[in-house]
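Here the structure comes first, spelled out in structure tokens, and everything after it is commentary.
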Amino acid sequence: MLNNISENLQKGKAKIVKQLVQEAVDAGIPAQEILEKGLIAGMNVIGEKFRNNEVFVPEVLVAARAMNMGAQVLKPLLSADGVKASGKVCIGTIQGDLHDIGKNLVKMMMEGKGLEVVDLGTDVAPETYVQTAIEQNCQIICCSALLTTTMPLMGEVVKAAEAAGIRDKVKIMIGGAPVSEEFRAQIGADVYTPDAASAADAAVKICVGC
């Protein structure tokens, strides 16, 4: 039954996934198990295929939609069981930049790994990332940029985190087409990843280590 959920999720069959998740719940399978061995397992396969260029953005989007439909059934049960997300992340595209496809992909991949994601949208000021991380108790701040002109503001996020005294508690991840490992080192951020799937993997490692 859980394999069936995973396979239909990979095919992006949202309505079937929702129905199968409900059937699994009715059959008495614990919500946490359905989440991990059905939904997250399916998204992990999609993430791996995306990394290997076996599937592309449209397939990831439909799989993520199926994941969300299934997760809707489980949410009330998971909160009733006291199951918490394995970590909390705030994500946004940096100030002056309105591109959001990459950010949205990273968000979906992270949610697919069981992380809670606070989406700040686009054109996000450095102070907003830091304020949100403090208020929402996030372990990670994720900054995305597609323009070389907006990239330097990622360095301001690092400085704002230092000024707020949270630099030792919150990891800063950066990504986007013009961003590189050299740039990460230059501004003093913690993690750079080249794609959405590896960003989600890196975030899970950080949160598990917290």
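The values are calculated or read from the model by the stated rules, or taken from the named source; none is laboratory data. Because the structure is predicted, anything quoted here is derived from the model rather than measured. Ideal geometry is used to build each Cβ from the backbone, glycine not excepted, and the neighbour counts take in all protein chains shown. These accessible areas exclude ligands, DNA and RNA; they are computed on the full protein's heavy atoms, side chains included. Shrake-Rupley method; radii C 1.70, N 1.55, O 1.52, S 1.80 Å.
With every protein chain left in place, what is the accessible area of Val25 in Å² (1.4 Å probe, nearest 10)?
Taking all protein chains as shown, Val25 has close to 40 Å².
If I ignore ligands, DNA and RNA and count only protein heavy atoms, how much of Met151 is accessible to a 1.4 Å probe, in Å² to the nearest 10?
Met151 has an accessible surface of roughly 20 Å² with all protein chains in place.
First obtain the Kirkwood hydrodynamic radius of segment 132-195 from its Cα pairs, then insert it into the Stokes-Einstein equation at 4 °C and 1.567 mPa s, and state the resulting D in µm² per second as a whole number.
On the way: Rh = 11.8 Å.
D, rounded to a whole number, is 110 µm²/s.
Between segment 164-210 and segment 71-128, how far is it from one alpha carbon centroid to the other, in angstrom?
Segment 164-210 and segment 71-128 have Cα centres spaced 15 Å from each other.
In terms of Cα to Cα distance under 20 Å, which aspartates and glutamates are near enough to Lys49, apart from those fewer than 8 places away along the same chain?
Glu7, Glu36, Glu59, Glu111, Asp195, Asp201
Check each of the trypsin sites (Lys or Arg not before Pro) in segment 1-82 and keep only those in coil by DSSP with at most 16 other C-beta atoms within 10 angstrom; list them in order.
Details: sites: Lys11, Lys13, Lys15, Lys18, Lys37, Lys49, Arg51, Arg65; in loops: Lys11, Lys13.
Sites meeting the loop and neighbour criteria: Lys11.
Might you work out the accessible area of Lys75 for me, using a 1.4 Å probe with all protein chains in place, and round it to the nearest 10 Å²?
140
Is any helix in the chain, taking whole DSSP H runs, at least 27 angstrom long along its axis by alpha carbon and on average at least 0.0 on the Kyte-Doolittle scale, and which ones? Working shown, then result.
Values: long enough: 57-80 (34 Å, 0.90).
In the chain, the long hydrophobic H runs are 57-80.
From the convex hull of the Cα coordinates of segment 1-76, what is the mean projected area in square nanometres? Each step should come with its number before you reach the end.
Numbers: hull surface 16.7 nm².
Quarter of the Cα hull surface area: 4.2 nm².
In deg cm²/dmol and to the nearest 500, what is the mean residue ellipticity at 222 nm of the chain if only DSSP H runs of at least 4 residues count, each as -39500 (n - 2.57), divided by the residue total? List each step's numbers first, then the result.
On the way: 10 runs with 117 residues, N = 210.
Using -39500 (n - 2.57) per qualifying helix, the result is -17000 deg cm²/dmol.
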